[in-house]
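Engineer: Here you go, one structure.
The values are calculated or read from the model by the stated rules, or taken from the named source; none is laboratory data. All values derive from a computational prediction rather than experimental measurement. Cβ atoms come from the backbone with ideal geometry, glycine included; neighbour counts cover every protein chain shown. Calculation scope for accessible area: heavy atoms of the full protein, side chains included, ligands and nucleic acids excluded. Shrake-Rupley method; radii C 1.70, N 1.55, O 1.52, S 1.80 Å.
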Amino acid sequence: MRLVLLGPPGAGKGTQAALLSDSLKIPHISTGDLFRANISNGTDLGKQAQEYMDAGNLVPTEVTAKMVQDRLNQDDAQEGFLLDGFPRTIEQAELLEEMLKKDGHSLDAVVNYVVSEDVVVERMLARGRNDDNEDTIRTRLEVYRDETAPLIDHYQDILVNIDAEGTVEDISTTTLDALDN
Ligand code: ADP
């Protein structure tokens, strides 16, 4: 199964992705995790990404898309994957479509985690990651509203909306049930 997870920052995509990845036996590909790994390893890619991430802005698409393309080319992603954090713009969605089309593939579903802004701010402040201070959170929510939310419309034909304000287990079960149908 080829899946994309959508939702505002702090929606719990990473938590859900780990569970879904186990159940569905497909790799969890998180652009945020890939960038953070590159930053801790001091790679050029990490250096290119860091200033954008610290400010809550998007890393330029040419940098991000190449990283995703390389990851999708790896063996474990040939039968399916769970993309978390990509695409984040319509432009990235179009690039992803091209990457998949080259191999005759397409997305099976886009899971959209629906959660209020109050709840996501609360969750991010509790999580306390490097880029989880109030200014950065505000910027990331703005970027989400302006750049990423339009993907909900873009993917309306394969969109699966999931209420993401319940318990971790309930949300995971609801997601798996919805994907079954
Ligand atoms: P969250 O889900 O809380 O927004 P992520 O771990 O997905 O956090 O992303 C953290 C940061 O990594 C983003 O704020 C952005 O700077 C960068 N990033 C991740 N994915 C992308 C992407 N597809 N395009 C551009 N930048 C990205």
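Engineer: When residues of region 61-82 are filtered for being open to solvent by 20 Å² or more (accessible area, probe 1.4 Å) and assigned to a loop (DSSP other than H, G, I, E, B), how many remain?
Structural biologist: The number of residues fulfilling the criteria is 4.
Engineer: In addition: Are there any helices (runs of 4 or more DSSP H) wholly within region 84-181 with 2 or more residues that are modelled with pLDDT under 95, and if so which?
Structural biologist: 117-127, 134-143
Engineer: Output yes when any residue across region 14-37 is at pLDDT below 95, open to solvent by less than 50 Å² (accessible area, probe 1.4 Å) and within 11 Å of the ligand (Cβ to nearest atom), and no when none is.
Structural biologist: Yes, region 14-37 contains at least one residue that is at pLDDT below 95, open to solvent by less than 50 Å² (accessible area, probe 1.4 Å) and within 11 Å of the ligand (Cβ to nearest atom).
Engineer: I would also like to ask the following. Cβ-Cβ below 9 Å, separation at least six or inter-chain, first residue in region 54-66 and near the ligand (Cβ under 6 Å from one of its atoms), second assigned to a loop (DSSP other than H, G, I, E, B) and of a type in the set (Ser, Thr, Tyr): which pairs?
Structural biologist: Leu58/Thr89
Engineer: May I pose another question? With respect to Val111, determine if the residue is β-branched (Val, Ile, Thr) and under 22 Å from Lys25 (Cα atoms).
Structural biologist: yes
Engineer: Please pick out the residue among Leu45, Leu5 that is part of a strand (DSSP E or B) and either at pLDDT 95 or above or open to solvent by 20 Å² or more (accessible area, probe 1.4 Å) (or both).
Structural biologist: Unique residue meeting the criteria: Leu5.
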